[in-house]
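**Q** Dumping the structure here so I can ask a few things about it.
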Amino acid sequence: MDTNSHSDDLKTIRKIMEESSRFLSLNGLSGVFAGIFALLGFTIAFLIIRNPDLTGRENLDLVLLIDALVILILALATGGYLSYRKAIKTGLKIWTGTTRRMLLNLVIPLISGAVFILFFYLKNDFHYIIPAMLIFYGLALVSAGKFTFGEIQYLGIFEVLTGFFAAIFPDYALFAWAFGFGLLHILYGLIMHKKYR
């Protein structure tokens with residue numbers, strides 16, 4: 001047997017093991033789109049906060065909530081579609097045990113964060129909502145990163161740090177939100193797209 005054959009066999013075994021233990025259908029462009037949607041949502045929120053008469057002061061919270069939900073739905077739908085498309089293109093299965101483990105590790109911190117944020121929202125204490133969004137989202141990425149590309153854990157760490165910044169400097173919290181959910185996602189997405197195209 002020649003060494004090239006052994007080397008090819010080892011590469012094949014490694015590829016099979018990686019596919020069974022990691023969610024590899026994550027698409028870098030989904031990060032770019034999520035960032036763009038976040039920046040558009042930030043722009044709308046910023047304009048509404050600066051001029052609450054656009055929507056009526058009594059509707060401000062509801063309009064901002066709808067803005068955030070639209071961003072979330074667009075980002076999730078785009079990410080799901082692009083990941084599905086990448087899975088089809090590369091011949092990978094999208095719904096596997098690894099996918100379920102990744103989603104579980106992602107959802108637990110996200111639901112915990114949502115409950116935590118809801119507590120502050122119901123108490124009309126809005127100072128910690130943006131920091132909590134960034135911190136819990138970052139923790140979710142770090143947790144889920146064990147089951148996909150390692151770069152997602154770095155994104156999670158930067159999200160957590162951005163959340164701490166927003167907590168320490170609440171006057172800049174909305175800008176921190178735009179940085180964390182907008183610019184960091186675009187940067188992450190471009191890196192991932194270039195590296196794993």
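The values are calculated or read from the model by the stated rules, or taken from the named source; none is laboratory data. If you're wondering where the values come from, they're calculated on a predicted model, not measured in any experiment. FYI the Cβ positions are ideal-geometry reconstructions off the backbone, even for glycines, and counts take in every protein chain you see.
**Q** Do you know which residues across segment 122-131 are in a helix (DSSP H, G or I), modelled with pLDDT of 90 or more and surrounded by fewer than 22 Cβ atoms within 10 Å (Cβ to Cβ)?
**A** Listed by number, the list holds a single entry, Ile129.
**Q** Let me spell it out: the conditions are (1) more than 18 Å from the chain's Cα centre (by Cα); (2) in a helix (DSSP H, G or I); (3) of a type in the set (A, V, I, L, M, F, W, C), and Leu155 meets all of them except one. Which number is the exception?
**A** (1)
**Q** For Lys86, only one of the following conditions fails: (1) at pLDDT 85 or above; (2) in a helix (DSSP H, G or I). What is its number?
**A** (1)
**Q** Could you please let me know if Gly145 is without any contact (Cβ under 8 Å) to a residue 12 or more places away in the chain and within 26 Å of Met192 (Cα to Cα)?
**A** yes
**Q** Report whether or not Leu24 is modelled with pLDDT under 80 and not in a helix (DSSP H, G or I).
**A** yes
The rows are residues; the columns are (1) among the hydroxyl-bearing types (Ser, Thr, Tyr); (2) surrounded by fewer than 17 Cβ atoms within 10 Å (Cβ to Cβ); (3) free of Cβ contacts under 8 Å to residues at least 12 places away in the same chain; (4) over 26 Å from Ala87 (Cβ atoms).
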{"site": "Asn105", "(1), (2), (3), (4)": "no, no, no, no"}
{"site": "Ile108", "(1), (2), (3), (4)": "no, yes, no, no"}
{"site": "Phe120", "(1), (2), (3), (4)": "no, yes, no, yes"}
{"site": "Ile157", "(1), (2), (3), (4)": "no, yes, no, yes"}
{"site": "Leu183", "(1), (2), (3), (4)": "no, yes, no, yes"}
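**Q** Condition first: touching a helix residue (DSSP H, G or I) at 6+ places or on another chain (Cβ under 6 Å) and surrounded by fewer than 21 Cβ atoms within 10 Å (Cβ to Cβ). Now tell me which residues in segment 163-177 satisfy that.
**A** Phe165, Ala167
**Q** In segment 72-83, which residue that is of a type in the set (Ser, Thr, Tyr) and modelled with pLDDT of 80 or more is surrounded by the fewest Cβ atoms within 10 Å (Cβ to Cβ)?
**A** Tyr81
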